[in-house]
Amino acid sequence: MLILTRKTNESIIIDDVTEIMVVDIKGDQVKIGIKAPKSVRIFRGEIYEEIQKENIEAAKTQVPKDLDSLLPPSRRKKK
Amino acid sequence: MIAAMPQEQETKETITIETKAYGSMQIDPSSIIYFPDGIFAFEQQRKFAIVSDKEDAVFQWLQSIDDTQLAFLVANPLDITSSYQPAIHAEDLITIDKPQLDDVKIWCIVTIPPNEPKSMTINLQGPLIVNSSKNLGGQFISSNEKHNVRASVVDLMEQKD
């Protein structure tokens, strides 16, 4: 992993088209701005893990007795 | 054993599948959806069907054809929230051959914490998108940060319409 140290308003350019800038630093939080073409997918690093974990939790959902009864009566059938 | 991939079938017969929620069920084999990449954490699962015991149920099940115990409660997000436009990259949607997201079915996975049905959540950030005409499906990430992985169903429905 390439590690660079930047100050606020300094940036990093990747592949000539993607720019990452340190916008603000407050305590232990760094605000990062990213300029990139639409084709570049940008996600928080933990998103893949979050969705994997959520799917695993969801797979454990037990068959509820009558799920639709949890909805308000007007919402129990599709529109 | 279920034969060819869905788009090759033109049979009017039904087949029996085993489901977690309803035991044995008869389904139209052409309703089986093929997930080329499975779904997150279950990348090896390829074949699923949407099943329910009621025609118009808000909640249905995404049932794995190959693993009876693997099923996910799902809902159409538009039954839960007023508007939903997942922001997904066209390149990702190539696996289901729908880069423009037109004419697709969208389902989101619902999680019910044990014994806490009112705390149930819906994953709006990782919707399942199905190309119905080709029976291809996948789970994709919406880059709209407002789409929560764990959005409260009860709260969304209270705010709806």
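Okay, here's what the table says:
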| read-out | value |
| --- | --- |
| Subset tally (residues that are among the basic types (Lys, Arg) and within 11 Å of chain B (Cβ to nearest Cβ)) for the range A:30-54 | 4 |
| Residue that is farthest from B:Val154 (Cα to Cα) [pool: residues in the range A:63-79 that are more than 7 Å from every other protein chain (Cβ to nearest Cβ) and modelled with pLDDT of 70 or more] | A:Lys65 |
| Flag if B:Ser82 is among the small types (Gly, Ala, Ser), within 12 Å of another protein chain (Cβ to nearest Cβ), more than 24 Å from A:Phe43 (Cα to Cα) and more than 15 Å from the chain's Cα centre (by Cα) | yes |
| Looking only at the range B:113-161, and only at residues there that are touching a strand residue (DSSP E or B) at 6+ places or on another chain (Cβ under 7 Å), among the β-branched types (Val, Ile, Thr) and at pLDDT 95 or above, the one that is surrounded by the most Cβ atoms within 10 Å (Cβ to Cβ) | B:Ile122 |
| Sole exception among (1) over 26 Å from A:Leu67 (Cα atoms); (2) buried (at least 20 other Cβ atoms within 10 Å of the Cβ); (3) at the interface with another protein chain (Cβ under 9 Å from one of its Cβ atoms) for B:Glu91, by number | (2) |
| Unmet criterion (only one of (1) within 11 Å of chain A (Cβ to nearest Cβ); (2) touching a residue at least 40 places away in the same chain (Cβ under 8 Å); (3) not in a helix (DSSP H, G or I)) for B:Leu156 | (3) |
| Cross-chain or 6+ apart pairs with Cβ under 7 Å, the range B:10-34 first and more than 17 Å from B:Leu136 (Cβ to Cβ), then assigned to a strand (DSSP E or B) and of a type in the set (Asp, Glu) | B:Ser24/B:Glu18 |
| Enumeration of residues in the range B:94-112 that are on the phi > 0 side of the Ramachandran plot and surrounded by 16 or more Cβ atoms within 10 Å (Cβ to Cβ) | B:Leu101 |
| Criterion violated by B:Ile106 - all others in (1) within 21 Å of A:Ile47 (Cα to Cα); (2) modelled with pLDDT under 95; (3) not in a loop (DSSP other than H, G, I, E, B) satisfied | (2) |
| Residues located in the range B:61-106, provided they are without any contact (Cβ under 8 Å) to a residue 60 or more places away in the chain and more than 19 Å from B:Phe140 (Cα to Cα) | B:Asp66, B:Asp67, B:Thr68, B:Gln69, B:Leu70, B:Asp79 |
| Residue count for the range B:40-64, restricted to those that are more than 9 Å from chain A (Cβ to nearest Cβ) and under 25 Å from A:Glu50 (Cα atoms) | 12 |
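The values are calculated or read from the model by the stated rules, or taken from the named source; none is laboratory data. As the structure is a computational prediction, the values presented were derived from the model and not from experiment. So basically every Cβ, Gly included, is an ideal-geometry build from the backbone, and we count neighbours across all protein chains shown.
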